[in-house]
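S.K.: This structure is in structure tokens; I'll ask about it shortly.
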Amino acid sequence: AKAWLEQYIQDYPGTVLIISHDRHLLDRAVKKIFELEDGSISEYAGNYSFYFAERQQRLLKLQELYALQQTEIKRLEASMRQLKGWSKLNPKFAGRAEYMAKRVEKAREEAVNRPILERDKIKVDLDTDRSGKKVLEVKGLSKTIGGRVLFEPFDFTLLYGERVGIVGANGSGKTTLLRTMMDLIPATTGTVKIGASVVPGYYAQEQETLPFESTPLDFVRRLKKMTEPQAISFLHGLLFSYDDLRTPIRQLSGGEKSRLQIARLMLTEANFLLLDEPTNNLDIASTEVLEAALQEFEGTVLTVSHDRYFLDKIVSKIIAIGDDGRVSVYPGNFSYYFDRLCCTHSS
């Protein structure tokens with residue numbers, strides 16, 4: 001559906017205005033980016049990748065300009081102070097001191113604000129112990145609900161360190177497959193075997209696994225023994241404010257609940273991450289931090305995602321659920337899988 005939307009936008013003869021966190025869509029379908037930040041709008045004449053690179057260059061140039069302007073302001077201020085001191089001894093310097101004060105005032109007015117090279121970002125560390133070589137083995141696994149076959153029997157083995165994405169149309173059974181692999185819901189047929197020393201960590205799409213009546217502070221302290229100051233420091237690293245710490249989880253935003261699920265993955269030191277749409281409620285900056293942490297993560301990842309940019313960066317194998325319930329496994333990231341799929345359909 002997203003591929004169709006991209007093509008539709010590319011072919012559309014009129015003007016299209018898009019608000020999106022979908023970096024793949026912004027790369028493929030747009031030719032101009034407007035960034036809204038601190039009440040001002042900046043324009044970039046390109047797609048998302050162009051914007052990202054150009055923004056960094058623009059910030060660096062602003063930083064250089066800011067440094068030069070501040071150096072000049074300090075020089076002018078020093079001259080002003082010197083002239084004011086001389087004017088106390090000799091009144092003829094008073095006019096020059098007043099002129100220099102006006103130059104200082106003008107330089108301050110024309111100076112750019114200090115550029116923020118990097119906004120506050122969440123801190124994610126997924127350090128963990130190694131599991132056995134065979135993390136997950138399913139044999140003859142299938143699921144039928146109300147007479148509808150979500151996925152037909154299939155075999156699959158997941159090895160330590162592999163990163164696998166699960167894709168399929170909306171309603172195809174991706175979440176059900178993930179939950180069946182975790183043994184959270186029973187399979188219609190087949191078996192699921194978890195390997196030795198495997199510590200699963202589950203990130204739920206609907207966030208239903210969070211204790212909604214608890215607070216973030218209580219939540220993390222139940223997950224791992226720590227003092228209140230340690231818990232506060234940890235949660236601040238995930239950009240929770242002091243007010244958030246004692247707010248019932250049910251009142252938090254979708255993004256805040258997502259960050260609590262990331263907190264659980266960190267504190268339980270899971271070495272097998274099962275992620276169901278982990279980027280859905282995250283802004284782009286937080287998504288990029290999560291991607292970087294997953295790239296450094298030495299354990300195993302099995303993820304459901306519609307975020308093609310995320311899948312391209314993280315996974316090296318794709319499990320695809322077809323409209324007919326057949327499960328196919330493809331090597332490579334999402335783009336490789338999609339190209340093969342398009343080639344198959346065109347032939």
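The values are calculated or read from the model by the stated rules, or taken from the named source; none is laboratory data. Only a predicted model underlies this, so the values are computations on that prediction, with no experimental measurement involved. Quick reminder, even Gly has a Cβ in these numbers, built from the backbone with ideal geometry, and neighbours come from all protein chains shown.
S.K.: Kindly check whether there is at least one residue in segment 171-188 that is in contact with a strand residue (DSSP E or B) (Cβ under 6 Å, 6 or more places away or on another chain), at pLDDT 95 or above and acidic (Asp, Glu).
M.R.: no
S.K.: Shifting gears a bit: For VAL16, which of the numbered conditions (1) under 28 Å from LEU341 (Cβ atoms); (2) part of a helix (DSSP H, G or I) fails to hold?
M.R.: Unmet condition: (2).
S.K.: Still on this structure, please answer the following. Among (1) over 24 Å from SER142 (Cβ atoms); (2) of a type in the set (S, T, N, Q); (3) in contact with a Phe, Trp or Tyr (Cβ under 8 Å, 6 or more places away or on another chain), which single condition is THR300 missing?
M.R.: Among (1) over 24 Å from SER142 (Cβ atoms); (2) of a type in the set (S, T, N, Q); (3) in contact with a Phe, Trp or Tyr (Cβ under 8 Å, 6 or more places away or on another chain), THR300 violates only (1).
S.K.: Another question about this same structure. Are any residues in segment 121-179 under 15 Å from VAL329 (Cβ atoms) and among the basic types (Lys, Arg), and if so, which ones?
M.R.: Passing the criteria: LYS139, ARG163, LYS174.
S.K.: On to the next question. Applying the selection to segment 196-211, what residues are surrounded by 15 or more Cβ atoms within 10 Å (Cβ to Cβ), of a type outside the set (Phe, Trp, Tyr) and within 21 Å of LEU294 (Cα to Cα)?
M.R.: Answer for segment 196-211, where residues must be surrounded by 15 or more Cβ atoms within 10 Å (Cβ to Cβ), of a type outside the set (Phe, Trp, Tyr) and within 21 Å of LEU294 (Cα to Cα): VAL198, VAL199, PRO200, GLY201, ALA204, GLN205, GLN207.
S.K.: Still on this structure: Quick test for you: out of THR189, THR227, pick the one residue that is in contact with a Pro (Cβ under 6 Å, 6 or more places away or on another chain) and more than 18 Å from VAL315 (Cβ to Cβ).
M.R.: None of the others qualify; the one that does is THR189.
S.K.: Then there is this: Across segment 325-347, what is the number of residues that are small (Gly, Ala, Ser), over 30 Å from the mean Cα position of the chain (by Cα) and at pLDDT 90 or above?
M.R.: Final tally of qualifying residues: 1.
S.K.: Here's another thing I want to ask about it. Taking the criterion of being in a helix (DSSP H, G or I), β-branched (Val, Ile, Thr), surrounded by 15 or more Cβ atoms within 10 Å (Cβ to Cβ) and touching a residue at least 12 places away in the same chain (Cβ under 8 Å), would at least one residue in segment 28-42 satisfy it?
M.R.: Checking segment 28-42: not a single residue is in a helix (DSSP H, G or I), β-branched (Val, Ile, Thr), surrounded by 15 or more Cβ atoms within 10 Å (Cβ to Cβ) and touching a residue at least 12 places away in the same chain (Cβ under 8 Å).
S.K.: When both residues are 6+ apart or on different chains and their Cβ atoms are under 7 Å apart, which pairs have a first residue that lies in segment 94-106 and is over 16 Å from THR71 (Cβ atoms), and a second that is surrounded by 12 or more Cβ atoms within 10 Å (Cβ to Cβ) and among the charged types (D, E, K, R)?
M.R.: ALA97/LYS84
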